[in-house]
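J.: What follows is a single structure, and I will ask about it in a moment.
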Amino acid sequence: MAYYYPEPSHTFSEYLLVPGFTSEECVPYNVSLKTPLVKYRKGEEECPICLNIPMVSAIMQAVSNDTLAVALAKEGGLSFIYGSQSIEDEAAMVRRVKSSKAGFVISASNLTPDATLADVLALKEKNGFSTVAITADATPTGKLLGLVTSRDYRVTRMSTDIPVREFMTPREKLITAPAATTLKEANDIIWDHKLNALPVVDDEDHLMYFVFRKDYSEHKEHPLALQDEDKRYLVGAGINSKDYAERVPALVGAGADILCIDSSEGYSVWQKKTIDFIREKYGDTVKVGAGNVVDREGFRYLAQAGADFVKVGIGGGSICITRETKGIGRGQASALIEVAAARDEYFQETGVYVPICSDGGIVFDFHMTLALAMGADFLMLGRYFARFDESPTNKLMVNGAYVKEYWGEGSNRARNWQRYDLGGKNDLAFEEGVDSYVAYAGSLHDNVEKSLYKVKSTMCNCGVINIPDLQKNARLTLVSATSIVEGGYHDVTLRSTSGNQ
């Protein structure tokens with residue numbers, strides 16, 4: 001007969017952390033949220049890739065594009081560019097993130113001297129940048145011939161058909177830096193010469209990068225930025241178990257630092273076939289996560305298949321209706337607790353630590369801390385990031401409040417049938433996600449900073465200042481329905497004033 005779990009599956013809201021002793025060192029400033037992203041062997045000095053904050057963005061059209069990837073990398077997290085687009089478009093997004101080298105920016109606005117002021121204004125309207133590189137072929141790496149900034153023209157006094165060559169700052173008057181210039185040296189040149197933008201050129205005077213004065217303070221504001229050895233932001237990319245033979249080489253060629261198989265249910269031969277292809281072609285040089293699973297057997301299957309991390313969670317996302325439509329899944333807390341135990345067991349047996357990612361079920365900020373305490377090495381978040389300025393969706397006014405659009409990969413809008421592929425027809429047979437709105441929340445930086453301060457504060461209440469100690473020393477208790485009510489405001493009448501709205 002079928003197997004019945006003896007206990008019901010639980011969600012994060014059914015647990016609370018019990019405080020531990022808080023010593024003098026347990027203050028938020030001292031808390032480190034550094035955490036492994038990929039597997040490593042016992043005895044190795046450090047994991048090959050670590051996150052500086054335990055956050056990655058979901059592999060979703062409504063969440064993870066290049067804009068959000070750069071913003072999240074600046075905070076110390078990582079985005080997985082969504083894979084439900086053409087291979088060429090996904091690779092282009094990856095390249096745009098990798099070109100956003102910290103401090104060194106590939107020119108996004110380029111014209112030839114034969115262009116007009118109208119072209120300059122059109123580029124400014126399109127890209128939002130006032131600095132335009134004038135190159136021989138209008139490419140970001142063409143021979144540098146001049147520069148146009150907003151100080152070079154006055155729209156009210158100039159005809160829009162005037163050629164760029166007549167008002168640009170010509171090459172001979174530009175201060176530039178050679179290719180070997182470090183970021184510190186570039187900033188020194190900017191300050192010494194009172195520049196707003198410094199072009200970096202190669203030996204043949206081809207434009208390579210810009211360094212901008214405005215970026216100097218930004219670097220100081222993001223000490224945890226996640227970067228590679230060349231100071232480029234780290235970025236991940238989603239793949240599927242259908243077109244991996246074509247998609248993986250394109251993404252690796254574009255510079256993706258890590259891949260992740262995007263699937264609603266990952267305990268399948270299709271995931272192993274995908275990992276086998278990557279290992280046969282690239283060995284261990286290309287990192288790839290797999291999932292999703294909700295139990296010990298699923299984790300062990302993917303770990304033994306060679307996954308660099310394993311995602312945990314089925315049907316817990318705010319826009320996911322997999323449990324409704326298919327009747328599969330498990331409460332996120334129960335799934336995470338069992339898989340974390342399986343990860344630790346696997347580590348003891350093999351000496352290989354395979355990080356786990358909690359994907360779904362995060363409603364409140366305190367759920368993040370609970371997930372980490374239950375064993376998650378990092379969290380994959382969709383709805384959370386969809387609310388921010390940097391997400392790719394439209395900001396709308398609905399019923400007097402600002403919202404952003406948010407839809408699931410299994411919705412008719414996304415039609416990401418590859419994510420739900422079971423080796424059958426190439427189509428979305430039925431929906432496993434909804435199309436919705438989320439309340440607009442402002443900038444990613446401000447919200448991530450606030451959320452993680454709560455996480456750090458709670459960790460201090462538990463008497464720990466790093467994630468491994470939280471996982472080892474946390475004490476959790478199940479709560480009754482009555483105590484959940486007790487935990488919110490009750491037996492009072494709230495005051496409602498305009499200042500509190």
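J.: Only residues that are under 16 Å from E349 (Cβ atoms) and of a type in the set (K, R): list them for region 295-312, please.
T.: R296, R300
J.: Is there a residue being modelled with pLDDT under 95, surrounded by 24 or more Cβ atoms within 10 Å (Cβ to Cβ), within 26 Å of T67 (Cβ to Cβ) and under 16 Å from the mean Cα position of the chain (by Cα) anywhere in region 349-372?
T.: Checked against the condition, which is being modelled with pLDDT under 95, surrounded by 24 or more Cβ atoms within 10 Å (Cβ to Cβ), within 26 Å of T67 (Cβ to Cβ) and under 16 Å from the mean Cα position of the chain (by Cα), region 349-372 yields at least one hit.
J.: Checking the structure you have, find out if any residue of region 348-362 is assigned to a loop (DSSP other than H, G, I, E, B), charged (D, E, K, R) and closer than 28 Å to P249 by Cα.
T.: No, region 348-362 contains no residue that is assigned to a loop (DSSP other than H, G, I, E, B), charged (D, E, K, R) and closer than 28 Å to P249 by Cα.
J.: Also, I was wondering about something else. List the pairs whose first member sits in region 320-347 and is open to solvent by 10 Å² or more (accessible area, probe 1.4 Å), whose second member is in a helix (DSSP H, G or I), and whose Cβ atoms are under 7 Å apart, counting only residues at least 6 apart or on separate chains?
T.: Every condition considered, the pairs that remain are I328/T322; G329/T322; G329/R323; E338/R296; Y346/R300; Y346/A303.
J.: Right, something else. Pairs only if they're at least six apart or on different chains, beta carbon under 9 angstrom, first in region 103-116 and on the phi > 0 side of the Ramachandran plot, second among the polar types (S, T, N, Q) and open to solvent by less than 20 Å² (accessible area, probe 1.4 Å); list them, first residue then second.
T.: Close Cβ pairs satisfying both conditions: G103/N187.
J.: Residue by residue through region 125-136, note down the ones that are under 13 Å from S107 (Cα atoms) and not aliphatic (A, V, I, L, M).
T.: Scanning region 125-136 gives N127, G128, F129, S130, T131, T135.
J.: Please state which one of S107, S130 is under 22 Å from I162 (Cα atoms) and of a type in the set (S, T, Y).
T.: Only one candidate qualifies: S130.
J.: While we're here: Tell me the residue from P249, P199 that is at negative phi and surrounded by 21 or more Cβ atoms within 10 Å (Cβ to Cβ), please.
T.: P199
To keep it simple, each residue is scored yes or no on (1) of a type in the set (D, E, K, R); (2) within 20 Å of the chain's Cα centre (by Cα); (3) modelled with pLDDT under 90.
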site	(1), (2), (3)
M93	no, yes, no
S100	no, yes, yes
N110	no, no, no
A118	no, no, no
K126	yes, no, yes
F129	no, no, yes
V132	no, no, no
A138	no, no, no
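J.: Can I ask one more? Considering only residues of region 178-190 that are free of Cβ contacts under 8 Å to residues at least 24 places away in the same chain and not hydroxyl-bearing (S, T, Y), which is most open to solvent (accessible area, probe 1.4 Å)?
T.: Step by step, filter region 178-190, then rank; the result is K184.
J.: Quick one: which helices (runs of 4 or more DSSP H) sit completely within region 38-145 and have at least 1 residues that are closer than 30 Å to P28 by Cα?
T.: Helices (runs of 4 or more DSSP H) meeting the threshold: 66-75.
J.: Can you find, within region 269-303, the residue that is surrounded by the fewest Cβ atoms within 10 Å (Cβ to Cβ) among those that are of a type in the set (G, A, S) and over 19 Å from G316 (Cβ atoms)?
T.: Across region 269-303, the extreme among qualifying residues is G283.
J.: Hey, another quick one. Please determine, by comparing only the residues of region 67-89 that are buried (at least 22 other Cβ atoms within 10 Å of the Cβ) and not hydrophobic (A, V, I, L, M, F, W, C), which one is farthest from L372 (Cα to Cα).
T.: Among residues in region 67-89 that are buried (at least 22 other Cβ atoms within 10 Å of the Cβ) and not hydrophobic (A, V, I, L, M, F, W, C), the one farthest from L372 (Cα to Cα) is G83.
J.: Of all residues in region 44-82, which are among the small types (G, A, S) and closer than 16 Å to F309 by Cβ?
T.: S57, A58, G77, S79
J.: In addition: Out of curiosity, is R165 in a helix (DSSP H, G or I), more than 17 Å from F104 (Cα to Cα) and either in contact with a strand residue (DSSP E or B) (Cβ under 7 Å, 6 or more places away or on another chain) or modelled with pLDDT of 95 or more (or both)?
T.: Yes.
J.: Just wondering, is there one or more residues in region 160-177 that are in contact (Cβ under 8 Å) with a residue 12 or more places away in the chain, surrounded by 16 or more Cβ atoms within 10 Å (Cβ to Cβ) and within 33 Å of the chain's Cα centre (by Cα)?
T.: Within region 160-177, one or more residues are in contact (Cβ under 8 Å) with a residue 12 or more places away in the chain, surrounded by 16 or more Cβ atoms within 10 Å (Cβ to Cβ) and within 33 Å of the chain's Cα centre (by Cα).
J.: Output the qualifying pairs, or none if there are none: Cβ atoms under 9 angstrom, residues six or more apart or on different chains, first residue in region 214-233 and farther than 20 Å from M55 by Cα and open to solvent by less than 80 Å² (accessible area, probe 1.4 Å), second residue among the basic types (K, R) and modelled with pLDDT under 85.
T.: Listed by first residue and then by second, the contacts come to D230/K101.
J.: Then there's this: For region 13-31, state whether one or more residues are open to solvent by 30 Å² or more (accessible area, probe 1.4 Å), modelled with pLDDT of 95 or more, in a strand (DSSP E or B) and among the hydrophobic types (A, V, I, L, M, F, W, C).
T.: Within region 13-31, one or more residues are open to solvent by 30 Å² or more (accessible area, probe 1.4 Å), modelled with pLDDT of 95 or more, in a strand (DSSP E or B) and among the hydrophobic types (A, V, I, L, M, F, W, C).
The values are calculated or read from the model by the stated rules, or taken from the named source; none is laboratory data. Bear in mind that the values here come from a model prediction, so they are computed numbers and not experimental data. Positions of Cβ are backbone-derived with ideal geometry, glycine not excepted, and every protein chain shown enters the neighbour counts. Side chains included, ligands, DNA and RNA excluded: accessible areas come from the protein's heavy atoms. Shrake-Rupley method; radii C 1.70, N 1.55, O 1.52, S 1.80 Å.
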